[in-house]
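J.: I am attaching a structure below and will ask some questions about it afterwards.
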Amino acid sequence: IITKFFEGKNFQNITPTIEDIKKVTQYLSKLNTLNFEVDKEYDAWGLKAFPDEYKKKKDKLTPEQNLLITDIYSYYTKLDMSNFSKSVIHGDMQRKHVIKNDFGEYCILDFGCMAHDYKVVELATYLAWFCLQEDTWKDKDIIYKEVLEIYNSIHNLTVEEISSLPLLVRSSYSAYYMTTSVMINDGDTSQETLDWHNRSKKMLELSKNWNY
């Protein structure tokens, strides 16, 4: 596959502005209007896999690690998404998968987790790993409102779908915290694993008062 070269920088070490977030949300909203079946790969780190992965991994977690995510897991398993809307989703909208060039143009990268799945899974993953990190948490209310307004101008999520988002955002943090905890407990000492572990733990702590 030959694609047009796009020169820019991702947001892994750059805090996205409100304008960045609004622009990327517009692109994501358009992407999620696509509707066709996709042969997807299983993403053990992903939000959708969290319940099954937790059942497999909970005995490998320390009591302190379990304490941070057991309630979230319990709420997640009670969430009924059977009537939620689906579309083509990117599936892994984190900061290193969006780049911006010097002309203010954006490019979404890495469709390895692409799927035909729930829009709220897409939106929660995007909120968790692109929008709502420690460096933007002080503006969480503004960011959350802007993202929902832009996304809903195209998709008109139901009240039930919108009300599920805080829980799903926290579940996304939990999925990464759980996976990296097991890896560290098994002896993984890589900086990347430690960074994801610390980031997900911090976000679980910061978001603990979200209502769901």
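The values are calculated or read from the model by the stated rules, or taken from the named source; none is laboratory data. It should be emphasised that the depicted structure is a prediction, and the values quoted were computed from it without experimental measurement. Virtual Cβ from ideal backbone geometry, glycine too; neighbours counted across all protein chains shown. Side chains are part of the model used for accessible areas, which takes the heavy atoms of the whole protein and leaves out ligands, DNA and RNA. Shrake-Rupley method; radii C 1.70, N 1.55, O 1.52, S 1.80 Å.
J.: Which condition number in (1) in contact (Cβ under 8 Å) with a residue 60 or more places away in the chain; (2) buried (at least 18 other Cβ atoms within 10 Å of the Cβ); (3) under 17 Å from Tyr75 (Cα atoms) is the one that Glu160 fails?
T.: Just one mismatch for Glu160, condition (2).
J.: For the range 17-52, give me each residue that is under 15 Å from the mean Cα position of the chain (by Cα), within 18 Å of Lys96 (Cα to Cα) and part of a loop (DSSP other than H, G, I, E, B).
T.: Passing the criteria: Asp43, Trp45, Gly46, Leu47.
J.: Return the residue satisfying two criteria in turn: it lies in the range 157-177 and is in a helix (DSSP H, G or I) and out of contact with any helix residue (DSSP H, G or I) (no Cβ under 6 Å at 6 or more places or on another chain), and of such residues it is nearest to Tyr54 (Cα to Cα).
T.: So in the range 157-177, the residues in a helix (DSSP H, G or I) come out as 159-177.
Now drop any that are not out of contact with any helix residue (DSSP H, G or I) (no Cβ under 6 Å at 6 or more places or on another chain), which leaves 159-160, 162-163, 166.
Numbers: Val159: 28, Glu160: 24, Ile162: 24, Ser163: 23, Pro166: 19 Å.
Selected residue: Pro166.
J.: Still on this model: Those residues that are in a strand (DSSP E or B) and either more than 17 Å from the chain's Cα centre (by Cα) or closer than 15 Å to Cys131 by Cα (or both), I need them from the range 82-111; list them, please.
T.: Of the residues in the range 82-111, the ones in a strand (DSSP E or B) are 86-89, 98-100, 106-108.
Listed by number, the residues that qualify are Val98, Ile99, Lys100, Tyr106, Cys107, Ile108.
J.: Something else about it: In the range 4-16, what residues are open to solvent by 50 Å² or more (accessible area, probe 1.4 Å) and either over 27 Å from Glu134 (Cα atoms) or part of a loop (DSSP other than H, G, I, E, B) (or both)?
T.: Those that are open to solvent by 50 Å² or more (accessible area, probe 1.4 Å) and either over 27 Å from Glu134 (Cα atoms) or part of a loop (DSSP other than H, G, I, E, B) (or both): Lys4, Phe5, Phe6, Glu7, Gln12, Asn13, Ile14, Thr15.
J.: If the Cβ limit is 9 Å and pairs must be 6+ apart or interchain, which residue in the range 53-64 that is in a loop (DSSP other than H, G, I, E, B) pairs with which residue that is open to solvent by less than 40 Å² (accessible area, probe 1.4 Å)?
T.: Leu61/Tyr54; Leu61/Ile69; Leu61/Met178; Leu61/Ser181; Leu61/Val182; Thr62/Ser181
J.: Looking only at the range 68-112, filter to residues that are of a type in the set (Val, Ile, Thr) and touching a His at 6+ places or on another chain (Cβ under 9 Å); which one of those is nearest to Lys208 (Cα to Cα)?
T.: We begin by selecting, within the range 68-112, every residue of a type in the set (Val, Ile, Thr); these are 69-70, 72, 77, 88-89, 98-99, 108.
Going one step further and asking which of them are touching a His at 6+ places or on another chain (Cβ under 9 Å), we end up with 88-89, 108.
Details: Val88: 30, Ile89: 27, Ile108: 30 Å.
Ranking the candidates gives Ile89 first.
So that you can scan it fast, the table gives a plain yes or no per residue for (1) over 25 Å from Tyr144 (Cβ atoms); (2) open to solvent by 50 Å² or more (accessible area, probe 1.4 Å):
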{"residue": "Gln26", "(1), (2)": "no, yes"}
{"residue": "Tyr42", "(1), (2)": "yes, yes"}
{"residue": "Ser85", "(1), (2)": "no, no"}
{"residue": "Gly91", "(1), (2)": "no, no"}
